[in-house]
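To keep things clear, I will list the structure first and then write my remarks on it.
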Amino acid sequence: MCLDLSKLVFAGVILVNIMSLDVNKFFIFVLGTIAVTLLACISFILFIKGKE
């Protein structure tokens, strides 16, 4: 579940950078990178806990 959310956030960051919107792209990139990393880590932690 968290890995799916991670993929969606990643796709959103890519789409925002492709589209010419009036947003701070550096801020979106940093925030998106942090969110993707956190969600992926949570997903793998839950996966490992589920195997126990």
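Kindly indicate which of 12, 50 is exposed (fewer than 10 other Cβ atoms within 10 Å of the Cβ), out of contact with any Asp or Glu (no Cβ under 7 Å at 6 or more places or on another chain) and either aliphatic (A, V, I, L, M) or in a helix (DSSP H, G or I) (or both). It would help to see each step written out before you state the result.
Working: 12 fails: exposed (fewer than 10 other Cβ atoms within 10 Å of the Cβ).
The match here is 50.
Look at residue 22 and say whether it is loosely packed, with under 11 Cβ neighbours inside 10 Å and either assigned to a loop (DSSP other than H, G, I, E, B) or of a type in the set (Gly, Ala, Ser) (or both).
On the way: loosely packed, with under 11 Cβ neighbours inside 10 Å: yes; either assigned to a loop (DSSP other than H, G, I, E, B) or of a type in the set (Gly, Ala, Ser) (or both): yes.
Against the criterion (loosely packed, with under 11 Cβ neighbours inside 10 Å and either assigned to a loop (DSSP other than H, G, I, E, B) or of a type in the set (Gly, Ala, Ser) (or both)), residue 22 qualifies.
Which one of the conditions (1) surrounded by 15 or more Cβ atoms within 10 Å (Cβ to Cβ); (2) in contact with a Cys (Cβ under 7 Å, 6 or more places away or on another chain) does residue 35 fail to meet, given that it meets all the rest?
So the condition that residue 35 fails would be (2).
Cβ-Cβ under 7 Å, sequence separation 6+ or interchain: first residue in region 26-52 and β-branched (Val, Ile, Thr), partner assigned to a helix (DSSP H, G or I) and open to solvent by less than 60 Å² (accessible area, probe 1.4 Å). Which pairs?
28/13; 28/16; 36/6; 36/9; 42/2
The values are calculated or read from the model by the stated rules, or taken from the named source; none is laboratory data. Treat the numbers as computed from the prediction; the structure is a model and nothing was measured. A quick note on method: Cβ atoms are made from the backbone with ideal geometry, for glycine too, and the neighbour counts reach across all protein chains shown. All accessible areas refer to the heavy atoms of the entire protein, side chains included, with ligands and DNA or RNA removed. Shrake-Rupley method; radii C 1.70, N 1.55, O 1.52, S 1.80 Å.
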